[in-house]
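One structure, as structure tokens, below. Some questions next.
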Amino acid sequence: MSLNKEMPKGWATVKLLNVCDKITDGSHFSPESVDIGYPYVTVKDLKNDTVDFSKCLKISKKDYEILLKNDCNPLKNDVLFSKDGTVGKVTLVNYDLQFVVLSSLAILRPQPDTIFSKYLFYVLKSSQFLLQALNQKKGVAIRRIILRDLKEIYLNLPPLPEQQRIVAKIEELFSSLDKGIENLKIAQQQLKVYRLAVLKWAFEGKLTSKNIKEGELPKGWRRDVVKNIALSIQYGYTESSSKEKIGPKFLRITDIQDYRVNWDDVPYCIIDNEEKQKYLLEDGDLVFARTGATVGKSFLIKGEIPESIFASYLIRLRFPKQVNDKYVWYYFQSPFYWSQIVDKQVGIGQPNVNGTKLGRLEIIIPRTLEEQKLIVAEIESRLSVCDKIEESIEQSLKQSESLRQSILKKTFDGKLVPQDPNDKPANILLERIQATRTLRQVQDKRKPLKKIRTKKEKS
């Protein structure tokens, strides 16, 4: 963290090892897992500032007792810090559950007369602390922190009473911030519900027609199936992809994310010219994912794209001039469409919808092309507002994390709460702790060594 030369009166600059009774890491070997046993916590089990025990490994009582002797078990009020893998995850142990940790986690036991455990927790959560920790390893490709380096990291230490005031203020500010984030996420969910509602109303005719009775369609509208409105339903090309420019772009299911394609990331494939003509993508083509976790998701080719063909796990639909391609694409995002996709999926391990089933899906078609275009315009006018609100929410969520770090920076620069001249300075506490440690070391040296009896003496 940024160490302030002009710290508030009563603060001290200290190494982490000087404010902790213990800084160690977990087990350096991997015991066999069992169905019922003691939790064995790794970096991946640290989620949202706490330990998620629901999916962590379990070890036997025998292995637990071995690790217990090796001091791999955190106690209440210890702080866990991930020093390998995803560096910088932090949690405060505030439960009495018995568990042990892997070596990728450091266990920090605060010296209770020097540093408040929650204060240490927030120190470790600050980006300033993490930056200082990682800067010790400049030039190292793997992001990890060695235990001895962790011990040598400096922090700004206020008097104990001020630490408690700081923690109280942080939690007050974070609580307000969390409430705001919660409201933003609720708004995101509401937008998703509204989007689906807009698409439902559109294909019920409620966006363009008045006085539509529930369950009825506007005059001239009809229910049909996809195969009757499409010119063709075609499977894609089977070939291996390559990052090298060995042919046209090769659009795959994985390239379609959130109804978008980043064409710069789409790979290439080898295909002869005659075959290529069969699979070339054109403006107005609608490609449909027919298998896997994204089954049913679609992407509409619009405007200029690189020369591209589509892979075999995609199905391409083309439409005649009397069918608006955008109208079909929006229908493919509506509740009417998705309820059928769920019903048509087969295969437990790998759900899929083949070309025949896709052709049998029901679709609602207005009487004229002009009506289809009008519905598209009505949908887009409403969804464009959703997009702007969604963008604003995403920006606010990103800013909330910056604000959280700003609060922590003010904290450790001594600018979050006012100082109290009656607080006992931190350096007095440190001097007392150092004196106690020195005395303990002297006493340990004076202890007589246990005499080792020789074989002759034993006899």
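None of the figures in this text is laboratory data; all of them are computed from the coordinates on show. Predicted model only: the values in this text are computed from it and were never measured. Quick reminder, even Gly has a Cβ in these numbers, built from the backbone with ideal geometry, and neighbours come from all protein chains shown.
Note down the net charge around S33, summing +1 for each Lys or Arg and -1 for each Asp or Glu among other residues with Cβ under 10 Å from its Cβ.
-2
What does the extension gain come out to for N228 and N422, with contour length at 0.36 nm per residue minus their alpha carbon separation?
61.4 nm
Just add up the charged neighbours of L199: K/R +1, D/E -1, any other residue whose Cβ is under 12 Å from the Cβ of L199.
In short, +2.
Could I ask something else about it? Need one word for region 88-170: rounded, prolate or oblate. Basis is the Cα gyration tensor (sqrt eigenvalues a ≥ b ≥ c); a/c below 1.5 gives rounded, then a/b vs b/c decides.
It is oblate, given that a/c is not under 1.5 and a/b is not larger than b/c.
Sticking with this one: For D25, what residues show an amide H to amide H distance below 5 Å, using hydrogens built from the backbone and excluding near sequence neighbours?
The list, which skips near neighbours in sequence, is I107.
Set the Förster distance to 56 Å, then compute FRET efficiency between K213 and S402 from the Cβ-Cβ distance, nearest 0.05.
Computed FRET efficiency for K213 and S402: 0.65.
Considering only DSSP beta bridges with both partners in the chain, what is the antiparallel share in %, to the nearest 5?
85 percent
Could you pull out every residue, at least 5 positions away or on a different chain, whose amide H is within less than 5 Å of the one on N352? Hs are placed 1.01 Å off N in the peptide plane, and Pro or chain starts have none.
Distant-sequence amide H within range of N352: V346.
What is the packing order of peptides 44-54, 287-297, taking the mean over residues of other C-beta atoms within 10 Å and listing the highest first?
Those peptides, ordered most packed to least, come out 287-297, 44-54.
Considering only C-alpha atoms, what is the centroid distance from region 215-286 to region 12-39, in Å?
About 52 Å separates the Cα centre of region 215-286 from the one of region 12-39.
Filter the cross-link list K302/K388; K206/K326; K219/K388 down to pairs whose alpha-carbon distance in this structure exceeds 25 Å.
K219/K388
Per q in 0.06, 0.09, 0.12, 0.14 1/Å, what log10 I(q)/I(0) does a Debye calculation on the alpha-carbon atoms of the chain return?
-0.48, -0.85, -1.08, -1.23
Project the alpha carbons of region 1-138 onto their principal axes and report the range along each, largest first, in whole Å.
55, 33, 24
Using a Förster distance of 51 Å, how high is the FRET efficiency between E394 and E65, based on the Cβ-Cβ distance and rounded to 0.05?
0.55
Still on this structure, I have one more. According to the square roots a ≥ b ≥ c of the eigenvalues of the Cα gyration tensor, what is the shape class of region 232-290, taking rounded for a/c under 1.5, prolate for a/b larger than b/c otherwise, and oblate for the remainder?
In terms of gyration-tensor shape, oblate.
A further question follows. Can you give the helix-only mean residue ellipticity at 222 nm for the chain, where every DSSP H stretch with n ≥ 4 adds -39500 (n - 2.57) and the sum goes over all residues, rounded to the nearest 500 deg cm²/dmol?
For the chain, the value works out to -12500 deg cm²/dmol.
Between R367 and Q132, what's the calculated FRET efficiency when r is the beta-carbon distance and R0 is 51 Å? Round to 0.05.
Efficiency for this residue pair is about 0.15.
Where a ≥ b ≥ c are the square roots of the eigenvalues of the C-alpha gyration tensor, would you call region 222-365 rounded, which needs a/c under 1.5, or, failing that, prolate if a/b is larger than b/c, or oblate?
Note, shape of region 222-365 comes out prolate.
P(r) for region 196-297: what percent of alpha-carbon pairs falls in each 10 Å bin, starting at zero?
11, 31, 28, 17, 10, 2
On to the next question. For V342 and K409 in one chain, what is 0.36 nm times their gap in residues minus the Cα-Cα distance, to one decimal in nm?
19.2 nm
Net charge around Y235, counting only other residues with Cβ within less than 11 Å of its Cβ (Lys, Arg = +1; Asp, Glu = -1)?
Within the 11 Å Cβ shell, the charges total +3.
Once fully extended, how much extra length lies between I146 and V385, figured as 0.36 nm per residue of separation less the alpha-carbon to alpha-carbon distance?
In short, 81.1 nm is gained.
Counting DSSP beta bridges in region 222-365, what percent are antiparallel, to the nearest 5?
Antiparallel bridges make up about 85 percent of those DSSP assigns within region 222-365.
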